[in-house]
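Read-outs throughout are calculated quantities, based only on the coordinates presented, and are distinct from any laboratory measurement. Quantities reported herein were computed from a predicted structural model and do not represent experimental measurements. Neighbour counts are summed over all protein chains in view; Cβ atoms, including those assigned to glycine, are modelled from backbone coordinates with ideal geometry.
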Amino acid sequence: MSGLTIASLTEQSELDLGSSHWMEIDQPRIDAFADITEDPQWIHVDAERAATGPFGTTIAHGYLTMSLIAPVLNELFVVDDAVASINYGANKIRFPAAVPVGSRLRGRLTLVNAEPVAGGVQANLRVTMEIEGGDKPACVAEVLIRLRGDQ
């Protein structure tokens, strides 16, 4: 139990919800993402060519990094009385640093604020995807989640 409820969300601002587990960004994960998204750009999937490129190795797709926000939310944003949690969108997404193959990422989650909407509450969450040992985050996103309770 997280202790968060739909009613309590609107009383919170800049609430630190912690950090997720570390996630390994290995080449099979990058290759699978390239296959499923039909984005086989060499910087992601061709280790030999990428070795002579700007990062010296293959790097994860920015959208792969962004997609890992989902497990961060599932792990850290638990609202006890929510019967539905709906991804409503994002206000801002940035990719300050590349993610080299072999890196580990985790998400740091902050509830920026929440406001009532028809049928529930809309939460504005800031997710910072940190690279283990990195100076800059891989991704910073402001995402919107709509929560519905029993009605």
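Worth pointing out:
- Range of Cα positions in segment 63-151 per principal axis (Å), largest first: 46, 21, 18
- Projecting the Cα positions of LEU64, PHE77, TRP22 onto the charge dipole of segment 7-105 (unit charges on Cβ atoms of Lys, Arg, Asp and Glu, taken about the Cα centre) puts LEU64 furthest along the positive direction.
- Counting every pair of alpha carbons in segment 1-64, the share spaced more than 19 Å apart comes to 51 percent.
- Electrostatic tally near LEU64: other residues with Cβ closer than 13 Å to its Cβ, Lys and Arg +1, Asp and Glu -1, net -4.
- Segment 1-41 - charge dipole about Cα centre, Lys and Arg +1 at Cβ, Asp and Glu -1, debye rounded to 20: 200
- Only the Cβ atoms of Lys and Arg (+1) and of Asp and Glu (-1) were treated as charged; on that basis the dipole of segment 100-151 about its Cα centre amounts to roughly 80 debye.
- For the chain, the longest site-free run once GluC sites (Glu not before Pro) in DSSP loop states with at most 16 other Cβ atoms within 10 Å are removed: 39-131
- In the distance distribution for the chain, Cα-Cα pairs more than 29 Å apart total 25 percent.
- Peptides ranked, highest mean first, by Cβ atoms within 10 Å: ranges 89-95, 57-63: 57-63, 89-95
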